[in-house]
Amino acid sequence: MAERLEIIKNENKKLKESLKQKDKELSFFIEVGKALTSTLEFKEILKIIMDNAQKLVRSEAWSILLVDEKTNELLLYYGAADTVVALAIANLNDVLEYLKKCTEY
């Protein structure tokens, strides 16, 4: 009987942890949804998304790569705490050619 109660206790603990994680994930999507409807400023939307993602996965900093399909540029943004900085812009084809050369060796 005690063994069965311990099994149930462990299952309950796992379910509570899973529920907490689901709550964090749901909060992330709610905040992102609010951001998308509250502003049209790209950097502000990016900051809200990444700040919430940072909380979700408990990271100190983040980065994201985006491709501008009009200019074929690769944009690297990074952030920590309350900063959002465009770190680098490169032509996507140039980056792909560079990566091909690196893998040939």
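The numbers here are math on the coordinates, done by the rules we state, and not lab data. Owing to the predicted nature of the structure, the values given are computational and were not obtained by experimental measurement. Cβ sites come from the backbone with ideal geometry, for glycine too, and all protein chains shown count toward neighbours.
Where strands (runs of 3 or more DSSP E) fall entirely within the chain, those with at least 2 residues that are within 14 Å of the chain's Cα centre (by Cα) are at 61-68, 73-80.
Taking every residue in segment 33-46 that is within 18 Å of Asp68 (Cα to Cα) and pairing it with any residue that is small (Gly, Ala, Ser) and part of a helix (DSSP H, G or I), at least 6 positions away or on another chain, the pairs with Cβ-Cβ distances below 7 Å are Ile45/Ala35.
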